[in-house]
Every structure is written in structure tokens, then in C-alpha cells.
Amino acid sequence: MKPPSESQNSARPLQKMFVAVPPSYDFLNRLLTLRMDELWRKKAARLLLGNHPSRVLDLCTGTGDLAMHLKKMAEKNTRVTALDYSQPMLEVAEKKAGKRKLIGIEFIHGDAADLPFEDSCFDGVGIAFAFRNLTYKNPDTEKFLAEILRVLKPGGQFVAVETSQPRNRFMRSLFHAYLKYITSPVGGWLSGHKGAYHYLAHSAVNYYHPGELKEILMNAGFKKADYRLLFNGVAALWDCRK
């Protein structure tokens, strides 16, 4: 399967930002979310496996956490594939899976805008805390969503867990302040990647409200796009159908 080309790397500065993975990546995710990110990934995995799929894809897998939850929770014959644009992230993911003795996850280096898979080959596609990168002011959003739909079987399920916008004004202000004054500076300082954590905070503060994101998903061609708010709306769990 063909990896992303150099021209694609140079054309997408956001993806270039995340090609390198700091050693503190997983630690910071747990610290800055008070470990709730792991709880939410488990919810996403449980939802994606609810219809007993035979093959699932963890899109933008990063260091592999969602893929590993899927592998641990899935039925024995379920095939789990994990794809990411960042080769260093994938290397970390493979090492983690090996240490946890989770054998059989297929890790693939690839581009979410040009997925190296046949049409209608997955029963389910999941993504955890990377959907914002694909959809927030990204010129390739339509390509990403079209590719997800292309590789899903008819009636296939797309599950995403992502930051959201709390409905309560006070909670929303508190969440935004946490992102601006804790997540961005602390994450940037501890990781040495100030740009990445500044982007994370900025995109989360300005990300779509659930109604806006639902409209984007339905316009892309999904027949259903339902969501459930998590922890007073700081995140949302999406359940979509082709």
C-alpha cells in the first residue's frame, strides 16, 4: 500500500505539524483530560462494536489507543485496521500493541484523503480526537468525509469521539479558559511542541457546535448523524450511518 507522497506532506502544513510525536504525547493526553480521554475511547469502541462488525478501521489512529481498545473488546474474528499519516506515531502504536500482547492489528501508513482500501470494505470506521483536525477549517474536509463513506459498506457505521461545545454558557466559558490557559501553555511547555498545543486549544475553542457538525455530516452523504454529549458537552460521541 502506497504511503503519502512528499508533495502531499508539503501541501498540508497541519499534517506536517503532527508527523513528529513527542515522547510525552500519551502522558499529556491523560494529564490534560484527567484520563477521561481513555473512558471516552472505550465508549467509542463499545459503540462501534455493537453490531458485531467483521472489519473495522481506526482512522487517524495516532499512537493506537482506539485500535487497541477495539482489539481487546472485539470478537475473535473481527479484523482491526489502524491508519495514520504519521509514521513515528505508528511506530509508537506498534510498540505499545506489542507490549500489551495485542497481536493482529494491521497498522498502515496512509492518507485520510486517499485511503488505500477498496470501496465498501469496512463495516465500521472510528476516529478518536482527530476528527477536528479533518474538519476544522480544513480545505480537504469534503475529501475526508467522501473517503470515509467510500470505504464503508452500505449501512456501515461511522463513530467519532471529539471535543464539542457545552450548551451551558458558564461550562463553555470554563472549558475554553481551561484550553487557553492550561492545555495550550502546559502542553506546549512539557512537550516542546508549542505550535501543536496552541492549535489544539484554538481549534477546540472555535470548533463547531453539534448542530453545525451534524449539518456537515448529513450534507456529506450520511443518512444518520446522531450524537451524545459527554461530561456536560466538552466532548461528543457521534454515531453515523452510511
Practice task
Taking residue 112 as the residue in question, decide whether it is touching a Cys at 6+ places or on another chain (Cβ under 7 Å) and at pLDDT 95 or above.
Solution key: yes
Handout entry: Residue list for segment 98-137, restricted to those being under 20 Å from residue 236 (Cα atoms), in contact with a helix residue (DSSP H, G or I) (Cβ under 7 Å, 6 or more places away or on another chain) and assigned to a loop (DSSP other than H, G, I, E, B)
Key = 129, 136
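Being at positive phi and surrounded by 22 or more Cβ atoms within 10 Å (Cβ to Cβ): is that true of residue 64 here? Break it down into steps so the answer makes sense when it comes.
Numbers: at positive phi: yes; surrounded by 22 or more Cβ atoms within 10 Å (Cβ to Cβ): yes.
It is true that residue 64 is at positive phi and surrounded by 22 or more Cβ atoms within 10 Å (Cβ to Cβ).
Filter segment 172-231 down to residues that are assigned to a loop (DSSP other than H, G, I, E, B) and of a type in the set (S, T, N, Q), then give me how many there are. Quick ask: steps written out before the conclusion?
Filtering segment 172-231 for residues assigned to a loop (DSSP other than H, G, I, E, B) gives 192-193, 206-209, 221-223.
After this cut, where a residue has to be of a type in the set (S, T, N, Q) as well, the list is 206.
Result for segment 172-231: 1.
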Exercise for the section: Look at residue 74 and say whether it is crowded, with 24+ Cβ neighbours inside 10 Å and either closer than 15 Å to residue 162 by Cβ or not aromatic (Phe, Trp, Tyr) (or both). Expected result: no
Problem - Test: residue 160 is within 19 Å of residue 40 (Cα to Cα) and either surrounded by fewer than 21 Cβ atoms within 10 Å (Cβ to Cβ) or touching a Phe, Trp or Tyr at 6+ places or on another chain (Cβ under 6 Å) (or both) - result: yes
Handout entry: Selection within segment 163-201 - exposed (fewer than 14 other Cβ atoms within 10 Å of the Cβ) and within 20 Å of the chain's Cα centre (by Cα)
Key = 195
Completion exercise
Exactly one of 233, 221, 211, 195 is free of Cβ contacts under 8 Å to residues at least 12 places away in the same chain and farther than 14 Å from residue 130 by Cα, and that residue is 211
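So which residues in segment 36-75 are part of a helix (DSSP H, G or I), over 14 Å from the mean Cα position of the chain (by Cα) and in contact (Cβ under 8 Å) with a residue 12 or more places away in the chain? If you could, list the steps in order and put the result at the bottom.
Residues of segment 36-75 part of a helix (DSSP H, G or I): 36-48, 65-73.
After this cut, where a residue has to be over 14 Å from the mean Cα position of the chain (by Cα) as well, the list is 36, 39, 46-47, 71-73.
The answer is 36, 46, 47, 71, 72, 73.
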Handout entry: Some residue of segment 76-96 being under 28 Å from residue 49 (Cα atoms), touching a residue at least 60 places away in the same chain (Cβ under 8 Å) and of a type in the set (A, V, I, L, M, F, W, C)
Key = yes
Problem - Top-ranked residue of segment 138-154 - restricted to ones that are over 21 Å from residue 79 (Cβ atoms) and touching a residue at least 40 places away in the same chain (Cβ under 8 Å), ranked as surrounded by the most Cβ atoms within 10 Å (Cβ to Cβ) - result: 145
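Would you point out which residue out of 51, 29 is surrounded by fewer than 21 Cβ atoms within 10 Å (Cβ to Cβ), touching an Asp or Glu at 6+ places or on another chain (Cβ under 6 Å) and at pLDDT below 95? Lay out the reasoning, then the answer.
Values: 51 fails: touching an Asp or Glu at 6+ places or on another chain (Cβ under 6 Å).
So the residue among 51, 29 that is surrounded by fewer than 21 Cβ atoms within 10 Å (Cβ to Cβ), touching an Asp or Glu at 6+ places or on another chain (Cβ under 6 Å) and at pLDDT below 95 is 29.
The values are calculated or read from the model by the stated rules, or taken from the named source; none is laboratory data. No experiment lies behind these values; they were computed from the predicted model shown. Positions of Cβ are generated from backbone atoms using ideal geometry, with glycine treated the same way; all protein chains shown enter the neighbour counts.
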